[in-house]
Amino acid sequence: MALVNLKQILMETRDKRYAVPSVGADNHVLFEAILKEAESENKPVILMIPGFLLKDMDPRFFEYARLRIIQSSVPVCLHLDHAASYEECMNGIKYGFTSLMIDGSALSFEENVALTKRVVEAAAPCGISVEAEIGHVAGGEGNNNDGNEVDVNAFTDPDEAQRFVEETGVDALAIAFGTVHGIYKGEPKLKLELLDEVRERVDIPIVMHGGSGLSDEDFRNAVAHGISKINFCTGLFLSTTEAARAAIAEHNNKMQLPAVLGVIERAARKEISHLFDVYHTQPIDLGNIAHK
Ligand code: 13P
C-alpha cells in the first residue's frame, strides 16, 4: 500500500537534502497526470486539495483518490491544504486524508498553538500527520489576482518557530521567508539566512508554500538550505491552461475535448518532471517507511 502520511513521505528529506513536490490535484485530470509522472519516475509525491474546496467536492472523489493511491507503486500522501478550522480538519479525517494542514497563521501565537495542538491531538491517534504555519505567507489560496507582495513583517521568527514546534507536537512546519501564494509582484527574493536559523532550531521537516514563480535557482537554494516540501499550484494551473490554449489555436480552434485533455496531461507531466528535477526528489524505499 503506497498511501502514506506526511511524516513518512518526508522522513528522509532532511538527511538526503531533497524536497517532495506538493501539488494541487483537485480534479481527475491533474490528479492522474501527477500520479502517472510520479509512477513513471518512481518518485514520491504529495497530492493536495485546499480546505476551501472540500464543501463543494463530491466525497466519492476522495474514495477514488485513496483507492487509486493504494494501488500505486510509489509513496503518495493525500494532503488537505490550508484547512481554516478544526471542523474542516475533522472533515479531512473523515474523507481519508493522510495529512492535514491547519492554517492558524493569521491568529495570535497563542491561538495558533491552541488550534494546532487540538488538531494534532485528534489526528495523531489516527496516524494522520499535521502541518502548521508560523509567520504568514501572503497571497491567500486560490485567488486569481495580478500579483501579491511579500510581507516582510510576517516573516517567521525562529524563536517562535522553535517554541511552536515544542508546544504543538506538529509534524511539519510551513514558514515565511520570502514567498507568496499565487503570482509574485516584483522579483521574489528568499531570505535563506532566516531559513538556516529556523532549521537550526527546529528538527521537523520545513515547508515552503508559494512555489509558483520561483526560479530553478531559488528551488535548488531552498532545498540545499533544508526545505523538505514545496507547494506548487498556480504555476501548474497556468502552464496547463496555456498549453491547451496554444494547442487549440494551432489547430484553428478545431480541437476536440479528448485531444485537449491529452495536451493538458502531457503539459502537467512535464511540469511535475521538472519539479522532481529541481527539488532533487529521491525515490523512497517503502519497506523503510513501514519500519519507522
Ligand atoms: P502557489 O500557487 O503560489 O504555487 O502556492 C501553492 C501553495 O503554497 C499552496 O499551499
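The values are calculated or read from the model by the stated rules, or taken from the named source; none is laboratory data. Given the structure is predicted, the values throughout are model-derived calculations rather than measurements. Neighbour counts are summed over all protein chains in view; Cβ atoms, including those assigned to glycine, are modelled from backbone coordinates with ideal geometry.
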Kindly indicate the residue of the stretch 97-137 that is surrounded by fewer than 18 Cβ atoms within 10 Å (Cβ to Cβ) and of a type in the set (Gly, Ala, Ser) and also nearest to the ligand (Cβ to nearest atom) among those meeting that condition. Ala106
Please specify each residue of the stretch 32-49 satisfying the condition of being surrounded by fewer than 19 Cβ atoms within 10 Å (Cβ to Cβ) and either of a type in the set (Asp, Glu) or in contact with a Leu (Cβ under 9 Å, 6 or more places away or on another chain) (or both). Glu32, Glu39, Glu41
For the stretch 161-182, pairs from a residue that is more than 16 Å from the ligand (Cβ to nearest atom) to a residue that is assigned to a strand (DSSP E or B) and at pLDDT below 95, with Cβ under 9 Å and 6 or more apart or across chains, are none
Can you run down the residue pairs with Cβ atoms below 8 Å, 6 or more apart or on separate chains, where the first is in the stretch 17-44 and over 18 Å from Leu286 (Cα atoms) and in contact (Cβ under 8 Å) with a residue 40 or more places away in the chain and the partner is within 16 Å of the ligand (Cβ to nearest atom) and part of a loop (DSSP other than H, G, I, E, B)? Val23/Cys233; Gly24/Cys233; Ile34/Ala25
Mind counting the residues in the stretch 92-143 that are of a type outside the set (Gly, Ala, Ser) and free of Cβ contacts under 8 Å to residues at least 24 places away in the same chain? 6
Identify, from the list Leu194, Leu214, the residue that is modelled with pLDDT of 95 or more, crowded, with 18+ Cβ neighbours inside 10 Å and more than 13 Å from the ligand (Cβ to nearest atom). Leu194
Restricting to the stretch 217-256, give me the number of residues that are in contact (Cβ under 8 Å) with a residue 24 or more places away in the chain, away from the ligand (no atom under 16 Å from the Cβ) and either in contact with a strand residue (DSSP E or B) (Cβ under 8 Å, 6 or more places away or on another chain) or among the acidic types (Asp, Glu) (or both). 1
Residue under evaluation Arg118, criteria (1) more than 24 Å from Lys55 (Cα to Cα); (2) touching a helix residue (DSSP H, G or I) at 6+ places or on another chain (Cβ under 7 Å); (3) not acidic (Asp, Glu), criterion not met: (1)
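Please work out if Ala161 is modelled with pLDDT of 95 or more, over 20 Å from the mean Cα position of the chain (by Cα) and among the small types (Gly, Ala, Ser). Before you say what the answer is, go through the steps one by one.
On the way: modelled with pLDDT of 95 or more: yes; over 20 Å from the mean Cα position of the chain (by Cα): no; among the small types (Gly, Ala, Ser): yes.
Taking the combined requirement at face value, the residue does not satisfy it.
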